[in-house]
Amino acid sequence: MLTVTDLRGADADITAAVPRAETDVASTVPSVLPIIERVRAEGAAAVLDLGERFDGVRPPSLRVPDETIRAALETLEPAVRAGLEESIRRARKVHAAQVPAGSVVDLGEGAVVENRWTPVDRVGLYVPGGRAVYPSSVVMNVVPAQAAGVGSLAVATPPQAEHGGWPHPTVLAACALLGVDEVYAAGGAQAVALLALGLPATDTGPAVPPVAMVTGPGNVFVAAAKRALLGTVGVDAEAGPSEIAVIADETARADWVAADLISQAEHDPLAASVLITDSPALAADVAAQIEQQVPGAFHEEQIRTALTGRQSGILLVRDLDHAIEVADAYAAEHLQVHTREAERVARRVRNAGALFVGPHSPVPLGDYCAGSNHVLPTSGTARFSSGLNTATFLRLQQLVRYEAAGLAEVADDIAAVAEDEGLPAHAEAVRLREAR
C-alpha cells in the first residue's frame, strides 16, 4: 500500500524524493479568494449560503445560542467529559509554563529598556469538523490563548446536518468546559473570512467584531484562506492535512509502527504517513502489517486513499545519520522515533513540529492528552514555524525609558550613524535635546 523509495544511493536527491501532496496550500489560494471576497461583500448571508453549499446544511443562525452550548455540556457522556477535563488539566500545566518572563535591562545611567509581553486582544479559533469530531482541537486552541491572557475568544466550527445545523454537541461541550460562549456554526474558508473580516449587524444577528489573529488546524482550504488573509490578521503555522513521519530501525515493532502510520491516515485522504528506516526487513514487515490492519477499519476507504497517495511512502536510508538528514528535509508535523537510544536520536532532529520519543509515545497521545499541543506546522513549514503555543498569542513590546544623561551618552553615536545613512533629521532630533 505504501510506495517504497530507495534513498541509499550516494546520488539520491533527498529534497526531490520526500513525499509531498499533489495539492498544496499555494495552489489552493486562488480557489479561496472568491469565497473571501464574497464574505467581505455580503457578510453573514454569504457565510450561510457557502455553508449550505459546502457542508450541506444551513444552521438556524450563525451564532450558536448560549442555551445550546450549555445543553451540550449537560448531556455529555461522563467518560468523554472526564477525558476532556484531563486533557484540559494537562494542557493548562504545559501551556502555563510557556509564558515568557518579561525583563528590565539597565544599560547605564538613565537608560532602561523593558521587554514586556502583551496578549493579542481578540482571537478567532478554528475547529475542524468535516470528517470527524474534534473537541480536542477546542482544547488545543483555547488553552494556550487563555494562558496568554487573551480577553476575547471566538470559535468557528462547521454546522452538522445530523445536529439540527448546529456544530457537534461534543465540540460545543468542550467550549462550555473552557468557558467559551462565542461560537459560530461556520466552517471552511468562509469561517476564516468571517473571523478575520468580521460581520456587520443584521436583522437576524449582532455584529461580529473582527479578530486580530486566526489559529487552528483544518483542511487545505482553511490553510489557504489563512495564507490569503495573512496581513489582515495574524495566523499561526499552516496546519493542514495531518502528517506523520516515523524514524525506525530494526528494533522497532512493525505492528506498532503500522498502527501509528494508520492512525494519522484516518484523518483525511490527503493525510501523509511516511516511514524512514535503514532496515529493509522492517519496511517489509510494516507494509505487511498495514495490509493486515487496514481491512475493516472504520475509515478504511480514506486510509487507503491517504496511504496510496504520493504524500505517503517508505523511505529506505543508509543509516540513522541519513535518516535524520531525511527527516530534517521532510520537516514532519509529527515525528516519531522508534530506535535504539531514541532520546539521543530525537535530540539530533532539528525540523519537526513535535517529536514523540520511544515506542510508548505515539502521536495519538499528543492528539489528546500528552499536554503538548496538536496544532502543528505541516507541508514542510516546520523548517521555520512552531506549533501553536502560549507565545503565539503574545506580542513583545519594548518600553524604552531614557533620561537626559542616558541620551547624552549615546548622542554622538546616533549622530554619526544617522548622518552616514543620509538621515540628518534623526541626528538633529537628538541634538535639540542636548542643547537644552
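Here are some notes:
- Answer label for P(r) over Cα pairs in 10 Å bins from 0, in percent (calculated), chosen among (i) 4, 17, 26, 25, 10, 4, 3, 3, 3, 3, 2, 1, 0, 0; (ii) 4, 19, 26, 22, 15, 9, 4, 1, 0; (iii) 4, 21, 31, 24, 13, 4, 2, 0: (ii)
- Highest mean packing first, where packing is the average number of other Cβ atoms within 10 Å per residue, the peptides 295-305, 322-332, 358-368 line up as 322-332, 358-368, 295-305.
- The antiparallel fraction among DSSP beta bridges confined to the chain stands at about 30%.
- As a rough guide to protection, the peptides 65-75, 424-434, 119-129 ranked by mean Cβ packing within 10 Å, highest first, stand as 119-129, 65-75, 424-434.
- Calculated P(r) of segment 241-358 - Cα pairs past 18 Å, %: 44 percent
- Between segment 1-35 and segment 184-201, the alpha-carbon center distance in angstrom: 30 Å
- Where only DSSP H runs of four or more residues are counted, the chain gives -13500 deg cm²/dmol as its mean residue ellipticity at 222 nm, each run worth -39500 (n - 2.57).
- Rg/Rh (Cα only; Kirkwood hydrodynamic radius) as it applies to segment 1-111: 1.17
- Ordering of 378-389, 341-352, 186-197 by packing is 186-197, 378-389, 341-352, highest average first (other Cβ atoms within 10 Å, averaged per residue).
- The amide H of Val246, built 1.01 Å from its N in the peptide plane, has Val274, Leu275, Ile276, Gln336 as neighbours under 5 Å, considering only residues 5 or more places off or on other chains.
- For segment 140-152, Karplus couplings with θ = phi - 60° (6.51, -1.76, 1.60), whole Hz, Gly/Pro x: 5, 7, 6, 4, x, 5, 5, 4, 6, x, 4, x, 9
- Per-residue ³J(HN,Hα) for segment 30-40, Karplus 6.51 cos²θ - 1.76 cosθ + 1.60, θ = phi - 60°, Hz, x for Gly and Pro: x, 6, 9, 4, x, 5, 4, 5, 5, 5, 4
- Amide hydrogen neighbours beyond the local backbone of Val235, cut-off 5 Å, H modeled: Val214
- Amide H contacts of Thr3 (H built 1.01 Å from N, under 5 Å, at least 5 apart or other chain): Ile314
- In order through segment 310-325: 3J(HN,Hα) via Karplus (6.51 cos²θ - 1.76 cosθ + 1.60), integer Hz, x for Gly, Pro: 5, 7, 10, x, 10, 10, 8, 10, 6, 6, 5, 4, 5, 4, 5, 4
- Segment 345-376 and segment 234-296 have Cα centres spaced 14 Å apart.
Any read-out appearing in this document is the output of simple, stated calculations on the displayed coordinates, not a laboratory observation. As the structure is a prediction and not an experimental result, all values here were calculated from the model. Every residue, glycine as well, gets a Cβ built from its backbone with ideal geometry; the counts of neighbours run over all protein chains shown.
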